[in-house]
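K.L.:
Have a look at this one before I ask anything.
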Amino acid sequence: MIQPKLYLTPEEYLAVEETSRDKHEYWFGETYMMAGTSINHNQIVNNTFKAFDRKLEGQPCRVFTSDIRLRSLQDDVYTYPDVMVICGEIEIDPRQQDTVMNPQVIVEVWSDSTQDYDCGAKFKMYRKIPSLREYVMIDQAAPYIEHYRRDGHFWVLETLEGMDAKLRLRSLDCEIDLAEIYRQVEWAEPKPKARKRKK
């Protein structure tokens, strides 16, 4: 994230975003321009979207990419998750028709520059969304995933590593091979070790 700009109300932010060529996330009055993505990031997002779409065929679920914005009503924060899944009726933000409020699953693909944000402030905010059941963070530098699942008042962490692992999403009753998520993803060297975050 870059340095914050001038303070804006949510309504002002949405008005500016409608005409902006770049996407910005909105945090408590401050806007942050989203950084460009890498080839691997884009490939992983596409693979994950297609895998969800295929696995959920015939179910009342919709899969969205970062073209659709998310509003956290509890904090009045706006973000663009890499992938979201919504099952059942979609709750639309009354302020903006291209913004949803009730994801069941959120996926973020992290990089060196976004890892702390995705694992820290963003996840802290996402946990307040009542509909959210699972949060998946995918490392683009190695076959490694951190998968959080809501269990009552707690969040249970499962870590997955290696192309033979499987991502099991209980709230969707489906599983996806990491080999499918990382299909056609290329690394400069043989698969490096995942950048497990500091505790």
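The values are calculated or read from the model by the stated rules, or taken from the named source; none is laboratory data. No experiment lies behind these values; they were computed from the predicted model shown. Cβ sites come from the backbone with ideal geometry, for glycine too, and all protein chains shown count toward neighbours.
K.L.:
It is to be established whether one or more residues within the range 36-43 are modelled with pLDDT under 90, out of contact with any helix residue (DSSP H, G or I) (no Cβ under 9 Å at 6 or more places or on another chain) and within 17 Å of Glu108 (Cα to Cα).
P.N.:
Within the range 36-43, one or more residues are modelled with pLDDT under 90, out of contact with any helix residue (DSSP H, G or I) (no Cβ under 9 Å at 6 or more places or on another chain) and within 17 Å of Glu108 (Cα to Cα).
K.L.:
I would also like to ask the following. Of (1) in contact (Cβ under 8 Å) with a residue 60 or more places away in the chain; (2) within 21 Å of Leu172 (Cβ to Cβ); (3) under 13 Å from the mean Cα position of the chain (by Cα), Asn47 satisfies all except one. Which?
P.N.:
(3)
K.L.:
Take the residues in the range 120-138 that are over 12 Å from the mean Cα position of the chain (by Cα) and of a type in the set (D, E, K, R); name whichever of them is nearest to Ile44 (Cα to Cα).
P.N.:
For the range 120-138, the residue satisfying everything is Arg133.
K.L.:
Do you know which residues across the range 133-146 are surrounded by 21 or more Cβ atoms within 10 Å (Cβ to Cβ) and in contact with a Phe, Trp or Tyr (Cβ under 8 Å, 6 or more places away or on another chain)?
P.N.:
Of everything in the range 133-146, those that are surrounded by 21 or more Cβ atoms within 10 Å (Cβ to Cβ) and in contact with a Phe, Trp or Tyr (Cβ under 8 Å, 6 or more places away or on another chain) turn out to be Glu134, Tyr135, Val136, Met137, Ile138, Asp139, Gln140, Pro143.
K.L.:
Right, something else. Which of the numbered conditions does Tyr26 fail, given that it passes all the others? Conditions: (1) modelled with pLDDT of 90 or more; (2) within 30 Å of Glu175 (Cα to Cα).
P.N.:
Going through the list (1) modelled with pLDDT of 90 or more; (2) within 30 Å of Glu175 (Cα to Cα), Tyr26 breaks only (2).
K.L.:
Is it the case, given these coordinates, that Asp112 is modelled with pLDDT of 95 or more, part of a loop (DSSP other than H, G, I, E, B) and surrounded by fewer than 17 Cβ atoms within 10 Å (Cβ to Cβ)?
P.N.:
In short, no.
K.L.:
Hey, another quick one. What's the number of the only condition in (1) at pLDDT below 90; (2) in a strand (DSSP E or B); (3) aliphatic (A, V, I, L, M) that Leu70 fails to meet?
P.N.:
With respect to (1) at pLDDT below 90; (2) in a strand (DSSP E or B); (3) aliphatic (A, V, I, L, M), Leu70 is out only on (1).
K.L.:
Here's a follow-up. Can Arg127 be described as touching a strand residue (DSSP E or B) at 6+ places or on another chain (Cβ under 9 Å) and surrounded by 20 or more Cβ atoms within 10 Å (Cβ to Cβ)?
P.N.:
Criteria not met by Arg127.
K.L.:
It is to be established whether one or more residues within the range 155-172 are crowded, with 17+ Cβ neighbours inside 10 Å and of a type in the set (Val, Ile, Thr).
P.N.:
No - not one qualifying residue is present in the range 155-172.
K.L.:
Oh, and also: Do the conditions hold for Glu17, that is, is it in contact with a Ser or Thr (Cβ under 9 Å, 6 or more places away or on another chain), over 20 Å from Tyr135 (Cα atoms) and crowded, with 19+ Cβ neighbours inside 10 Å?
P.N.:
Answer is yes for this residue.
K.L.:
For Val156, all conditions in the list (1) free of Cβ contacts under 8 Å to residues at least 12 places away in the same chain; (2) of a type in the set (Val, Ile, Thr); (3) within 19 Å of Trp110 (Cα to Cα) hold save one; what is the number of the exception?
P.N.:
(3)
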